[in-house]
1. B:ILE78 fails exactly one of the following numbered conditions: (1) modelled with pLDDT of 95 or more; (2) surrounded by fewer than 20 Cβ atoms within 10 Å (Cβ to Cβ). What is the number of that condition?
2. Of A:LYS285, A:LYS290, A:LYS305, A:LYS313, which residue is within 15 Å of A:GLU644 (Cβ to Cβ), open to solvent by 40 Å² or more (accessible area, probe 1.4 Å) and basic (Lys, Arg)?
3. I'd like the full set of residues that are within 30 Å of A:ASP429 (Cβ to Cβ) and within 14 Å of chain A (Cβ to nearest Cβ), limited to the stretch B:1-54.
4. Condition first: surrounded by fewer than 22 Cβ atoms within 10 Å (Cβ to Cβ) and in a loop (DSSP other than H, G, I, E, B). Now tell me which residues in the stretch A:833-863 satisfy that.
5. How about the stretch B:284-365: which strands (runs of 3 or more DSSP E) wholly inside it have at least 1 residues that are more than 30 Å from B:PRO427 (Cβ to Cβ) and open to solvent by 50 Å² or more (accessible area, probe 1.4 Å)?
6. Write out, first by first residue and then by second, each pair whose Cβ atoms fall under 7 Å of each other, whose residues are 6+ apart or on separate chains, and whose first residue, in the stretch A:85-112, is within 14 Å of another protein chain (Cβ to nearest Cβ) and assigned to a loop (DSSP other than H, G, I, E, B) while the second is crowded, with 22+ Cβ neighbours inside 10 Å and aliphatic (A, V, I, L, M).
7. How many residues does the stretch A:92-110 contain that are open to solvent by 20 Å² or more (accessible area, probe 1.4 Å) and within 17 Å of B:GLY60 (Cα to Cα)?
8. I need a count of the residues in the stretch A:622-670 that are more than 19 Å from A:ASP695 (Cβ to Cβ), of a type in the set (A, V, I, L, M) and touching a helix residue (DSSP H, G or I) at 6+ places or on another chain (Cβ under 6 Å).
Amino acid sequence: MVNITVDGRHLSVDENSTILEACTANGIKIPTLCYLKQLNEIGSCRICMVEIEGEKSLFASCRTKVREGMVITTASNKIVSYRKHMLELILSNHKVDCLNCTMNGVCKLQQLCNEYEVKGTSIQGSRRHIEDKLPILDSNPYLSYDPSKCIHCYRCISACNKAAVNGTLRSGRSGLFRTIEAPFGEDWKSTGCESCGNCAEACPTGALSEKRKRKYRSWEVKKVLTTCPHCATGCQYYLIVKDNKIVDTEAYDGPSNHGLLCVKGRSGSFDFVHSPDRITTPLIKNKEGKFEPATWEEAISYTAKRLMEIKEKYGKESLAGFACSRSANEDVYMVQKMVRTCFGNNNTDNCARVCHSATVAGLAKTLGSGAMTNPIYDITHDVDVILLVGSNPEEAHPVVGMQIRQAVKNGTRLIVVDPRSIGLTKYADIHLKLRPGTNVAFANGMMHVIIKEGLTDGNYIKENTEDYEKIAELVKDYTPEKVGEICHIEPAKIVEAARMYARADKAPIIYCLGVTEHSTGTEGVMSLSNLALLTGKLGRSGCGVNPLRGQNNVQGACDMGALPTDYPGYQKVDNDEVRAKFEKAWGVELNPKPGLKATDVFPAAIKGDIKGLYICGEDPLVTDPDTEHIKKALGSLDFFVIQELFMTKTAECADVILPGVSYAEKEGTFTNTERRVQRIRTAVKLEGDARLDTDIIIDLMNAMGYPQPHLTASQIMDEIASVTPSFAGISFERLDNGESLQWPCKDKQSTGTPIMHVGHPARGKALFYPALYKAASELPDDDYPFFLTTGRILYQYNAAAMTSRSEGLVEIAGEGFIEINYKDAERLGIKNGERIYVESRRGKITATARVGRKVSQGETWMPFHFPDSPVNTLTNAALDDFARIPEYKVCAVNISRMD
Amino acid sequence: MTRRLTQKGNMNDRMDAALNKFRSRMTSYPPGMCPLVMYRTILQMSINQSCGKCIPCRDGLVEAERILKKIIEGDAEIGALDELKKLSEMISETSDCAVGVVAANTVLDSLREFPDEYESHIKNKRCVENVNQTVPCITLCPAHVDVPAYVALINKGDYAGAINIIRDRNPLPTACAMVCEHPCERKCRRSIIDHPINIRGLKKFAVDQITADQVKTPAPNVATGKKIAIVGGGPSGLTAAYFLSLMGHTVEIFDEHEKLGGMLRYGIPEYRLPKARLDEDITAILNAGDITVHTGTKIGRDVTVEELDEKFDAIYLGLGAQLGNRIPGKNSDCENVIPAADFLQAVARGDAPDFKGKTIALIGGGNVAMDAARTAVRLGADSVNVFTRKRDDYTALDTEIESAMQEGIRFTTLLSFLHLEADKDNPGKISAVWLQPEIVGEYDWSGFVKTEHSVTKYPYRFKCDYLIIGVGQRCDVEVFDKAGIPTERGRILADTACMIEGKEKFFSGGDCVTGPSTAINAIAAGQVAAHNIDEFLGYHHKIECEAKAPSPMPNKCIPTGRAEIEERPAYERKNDFVHVEEQMTPEEADRESGRCLRCDYYGCGCMEGGRAPW
């Protein structure tokens, strides 16, 4: 701490702070314009200048550090007159067109001019009528740049280069002055711009803006703070609502996103809410197979009747009900409660089954808790090495990707383990471009080197783990040479990666579906856990085993007990004590038998064991592997009811459709990948008969004979807290008071658990699980000579039910494609951009060829979002032994020209 | 991502090539230009250099430039000055880096340095009087010698003509050929293309071809009957005598030394200006007209000021500055502590002290100090050690310092004088000089770096046999002061017309007015004084000059090297007092003189005002 005097006040402030930070922390307001905390502290506008005693010059307080004894004046006559002068100089080159400007009312320049009574200027700027030379750039579907309003504060450039670290918004020079080269011109598609709009968010004027801002003015709207419904990063933003319609979003400085958003969150998270094809009334399929509108009473009683009839006729094990990992915690809780209390079984699951069930199973087994160990901020700031395995966060978790790019830019080493040359490989110290499906071999190879070279953390192993000997024995065989052969990578690179990871003090493992979505997914996860244990990188800052959970509430859906083996909070259904607790809480006898996993439900349906199915908001016909198999399963059911927003492929197969509401129309919570429970809030109330999902479920429960009182989302969370020790301290009240809580949060005093396994692993002693490498279940052969891996792209999400309803996203990326190595393409005569056939043992589809070097020879890659290339027609439903997760990441295909 | 080395010939490299030319363009910025226009250029350059980040630099300078342009073009009201000042102060105090701060400070400098020019632009919508572009070499020569004319004559092979052209303004062509500091070369337009013409070198070539005493001086005017006394037979007095005698006046020169020449004889060492060569100039001067010389005659001792006043119609005081300054403090009058001027004079008189095998310390870095140092080497000193407080103290010509270094003189800077240590064994002598290590600090108002005592280095004792003090000279003005001639700190107070307020018959110029300076400044003073004495006596006498500048040929402006005059090898020259400079060859002189751009004809030189009437 140092002592300074500001406007006569004596302050003791942090010695590393700037004058601006010190003043702000002490409630002394210094006006700013170009300043963006930690991003744009360049002192361009000089508005924040202050006088320092003994200095002739004035100093930009945003970039001047405090010193012991400094005597500072923040608003003398001279400062005020200089600030006015600065504003006049800025105005001299600014097209003053406030009436037509999107930023009217919120423009920082306008606000400052008002505050300082600057009404205009006689100064003749050098860049007047610049728009004649440098035209407005607005070919990008979302973003537009108008040079005539630009004040060249470089906030957008810093946002792009230092925060989003996209590096596509650069400055140029036009003779005497610096220009902003915004990538929104006619060539926008080839610029590499991710359209994330963080630049627009940063712009203090109307120069660089989201085009949709033209449709409203700041005083016409209300702002509703909520959580993004796409990936599990859990970005916080406001929905901007005008006349009961969401017209925009605005980033909020949330704990996981730090004011950043990606293109989907900013621009693809509200159009679908108001989509005209929303289902607004309950539908019951008639005898001809056509849907007919029904009243809620009809739909609920009909559904309850059909389900109870099946229970009566085929027994209580014949029903199943899936929650959705994109729904709110409260919805999921009620679904599993309904299944357990009304269906009388544990046949409930959620779509985590097909993405991260391997994580839940694997990490629970080895560490005692199946969740991401450390917060996003903790593993992307001030760490030495990031080991990124089977994860493409730039596209699948863009705001995490941005933070990894920040880390790398600030000196963090990056090891990418991925079959594809994903964007981050550009910055990676080492890229291990392994064959799909060889993760276990890779991890064993790393451990071989670490043990052989004595890079293990012997103390940690001794104090906190068990079965080290087993792993040491197992990996003896996994020499770099052998692993290199399995994985198709240079042995030396494995050695280097192992040394780099093991020797680093702070090194998180970050992984995603590239690890889990295999028939050996759980073993893949456990192998990574082994790696962290071996080097003692668990239970402390900047380390851990960090699955980036896929969907917005995939963590929460599992936490809420939409699992066939677990009640909320991973309390086991076959544990008598636990069950007794829930029987008491819910007032019914509960079934002790673990239920069927979602991926086992479909074969069971075909077999005739499952007769009735309730799904809350999933689209397995598109998202689950081997579409034909799912179609057959759904067709085998006696009764199928779905709660949905849209007429999805799966909904078309249902007997009853119950229209629920979206995240923007309800209160609730999502739990992001870092176990952070965050609020969603009602932004709009739409016309039509769609109802709160919890209300629908509660009505159904009552109709099925369970006396479920009507509860609000907040009351449901209180019930969750009452039965779930790890959620005991969480309530809407606390969250609405601004607390950010990561479970375990064991009581009302607890502030949550940012880092897990501190002190010792949750399991007590962590388990080394020796996993032998096993090849993927379907490998290329003469008939199907190519590997096919599936994955996400930045601009769409999952089955695209939400994102495809944003025109801009479709304009940016709206067509299914397949990545092919250029050598394979050359051999087969396939040209870049050509539509080709892709065929597996299970089906045949078309896709547009993208020829390049991103995938290795003999490998292909496809996104799973696009209805024109329904890739799950091809994928293999081979399941992992532990978690029953399907092998989306490896199947064998053939590709051929269409003529 | 692939990293790359900076490509050779990239934009910055190519710009550097252009910037070098731009630098030359600045070096050769012609005299007689509007300073505000120049400041606007600097300001524009600063605007160009703005990175565009901070508002005051990026947009404020543009506004300042707009105001300055309005002022220059006569479109501004008097309030514009205040507006420009306030804006510049704001920019200076708020810019983020030196680009903006210094640019604004430059504008503030201009307001401080050129208030007259600003006012003239606003009130009269034009520059102050006499701001006209002029021929650089002629303008910058204090005596305004017609350089292009004599360079052209040298090119033609007419060396006598060249000497006559020089003499029309400067009757000491030989001395100047050897020792002139050649300010004429400073802004030579040739710099735009390559390098300045070696004007002094060409002059030397001319007097090496035909000695000055062989070239006939112009015929003097018929006798006017006016008598003029010249006190001091140095360059200033000789020049005044020359012109006054050509005007037909009777001139009597009084000098305390045995021989004429002043500092040219008793200050500048033989190896730089052989006395035989000086005599060529003096012989020519004394033969020009009615000149009587009284050597060994000191005013105040042999003749009184009153006597001069009584006997002569006008008196010119060209006393020079021959008293070497001593350093203050104890032991400074010891016999082995010698002012440089006294030392040089003693050597010139043939009374050189015995320096053989001795260790010599020398404080000072001016031309006189260098002369003393190089003389000491030639006297067989074991080592000659020059100490200065800072690098800026080396005011001697770079070539002098370079030559001194070649001759083995040791230079140490950042040492200031502390005190003198008396020799215990030899009363009246010192045995060592104590020096204080310094570190450099900020610059002072005049642009010279200041120093302060180092706190980490200990004082330094330098053992020596002799200490030479080269820290300036002054004039012996006591007698004149007593006679009512106004003086101040060893200088006579005369104006730029060499007139003395309240003493209308008395004129004065040269080192005794300016303090120690160069020969050509003294010559200019003698010339101005002669002219003004003639005017004072009621005449407007003209001096004939038979030589004429030949018609110029257009110069193709092809970049060509500058022919330098080499010195004899250092290992050889340091052992004797023989003239150090080699001769320029005729082919070198031909090429060198051919480089002249003849600015007297091309450009402004042929226009009214191009050659200002001095």
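The values are calculated or read from the model by the stated rules, or taken from the named source; none is laboratory data. Note that the structure is predicted; figures quoted are calculated from it, not measured. Ideal geometry is used to build each Cβ from the backbone, glycine not excepted, and the neighbour counts take in all protein chains shown. Each accessible area value is taken on the protein alone, full model and side chains, heavy atoms only, with ligands, DNA and RNA left out. Shrake-Rupley method; radii C 1.70, N 1.55, O 1.52, S 1.80 Å.
1. (1)
2. A:LYS285
3. Within the stretch B:1-54, B:MET1, B:THR2, B:ARG3 meet the criteria.
4. A:GLY833, A:GLU834, A:ARG841, A:ARG842, A:ARG853, A:LYS854, A:SER856, A:GLN857, A:GLY858
5. Once the strands (runs of 3 or more DSSP E) in the stretch B:284-365 are filtered for at least 1 residues that are more than 30 Å from B:PRO427 (Cβ to Cβ) and open to solvent by 50 Å² or more (accessible area, probe 1.4 Å), what remains is B:291-294.
6. A:HIS94/A:LEU109; A:HIS94/A:ILE151
7. Matching residues across the stretch A:92-110 total 1.
8. Going through the stretch A:622-670 one residue at a time, the tally reaches 4.
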